[in-house]
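Have a look at this one before I ask anything.
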Amino acid sequence: MKKIFLLFLLLIIPISVKADCDNDEIIRLQKIANNINTNYEYDDISNSFSITFTNVSNELIVEDINNKLDYYGDLEFTINNLSSNEYTYYVYAKDKNCYESELTIKNIQLPYYNQYYNYKECTGIENYEMCSKWLPKNISYDDWLKDVTEYRKSIKQDNKTIKHDSKKTIFGKIRDIIVDLYVTHYNIFLPIIILSLCAIIYLKNKSDQLI
């Protein structure tokens with residue numbers, strides 16, 4: 001009787017079966033996750049950064065492993081009050097059947113404020129990386145000064161090389177012109193050269209006789 005009753009319950013009560021997440025579904029979700037864009041901004045008032053995520057599907061979850069927080073996709077969201085550092089975000093599927101591994105990873109490096117960028121050492125080389133307002137890593141003043149000094153030396157050396165090569169080029173062009181003229185008009189220049197040498201020898205001999 002009990003067996004009949006259990007069989008009856010199985011027939012009338014629906015049983016939910018956990019569906020597996022197949023490869024096609026994973027690929028589809030990965031494409032959606034790869035469409036996520038990020039950008040950051042710096043706020044001078046609060047002296048902090050904010051990171052904005054866009055194109056975040058409501059099928060996804062963005063996990064902030066730095067602060068142990070989850071952000072649910074709603075097309076766009078912003079994380080505020082961040083300092084200079086590298087931040088990592090894992091993107092998962094909201095569907096628990098597809099939640100076993102991340103769909104993509106977003107690594108965002110927030111730059112470091114360069115407190116030396118307006119120092120006199122940067123005059124004339126404002127476009128150099130170490131003289132920009134932001135740096136990819138935190139650096140001490142001694143290391144910064146050493147880098148900028150070496151860069152200035154390399155510029156001077158490059159300028160000297162360019163000037164030297166320019167002089168060589170000018171003299172080379174003059175030499176090539178003379179050689180070309182001689183080759184193309186040797187029938188004119190050769191007699192002139194021979195006569196000039198003969199005249200020099202004659203005058204020298206005459207001068208020696210007078211002595």
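The values are calculated or read from the model by the stated rules, or taken from the named source; none is laboratory data. Every value quoted in this text rests on a predicted model; they were computed, and no experiment measured them. All Cβ positions, even for glycine, are placed from backbone atoms using ideal geometry, and neighbour counts span all protein chains on display. Ligands, DNA and RNA are stripped out before the accessible areas are found, and what is left, the full protein with its side chains, is counted by its heavy atoms. Shrake-Rupley method; radii C 1.70, N 1.55, O 1.52, S 1.80 Å.
Looking only at the range 120-137, which residues are assigned to a loop (DSSP other than H, G, I, E, B) and open to solvent by less than 70 Å² (accessible area, probe 1.4 Å)?
124, 125, 128, 132
Looking at residue 137, is it at pLDDT below 90, within 30 Å of residue 48 (Cβ to Cβ) and charged (D, E, K, R)?
yes
Shifting gears a bit: With the condition being surrounded by 11 or more Cβ atoms within 10 Å (Cβ to Cβ) and modelled with pLDDT of 90 or more, I'd like the strands (runs of 3 or more DSSP E) fully within the range 1-119 carrying at least 3 qualifying residues.
37-43, 48-56, 60-64, 75-82, 86-93, 104-109
Among (1) in contact with a Leu (Cβ under 9 Å, 6 or more places away or on another chain); (2) under 14 Å from residue 108 (Cα atoms), which single condition is residue 34 missing?
Evaluating residue 34 over (1) in contact with a Leu (Cβ under 9 Å, 6 or more places away or on another chain); (2) under 14 Å from residue 108 (Cα atoms) leaves (2) as the failure.
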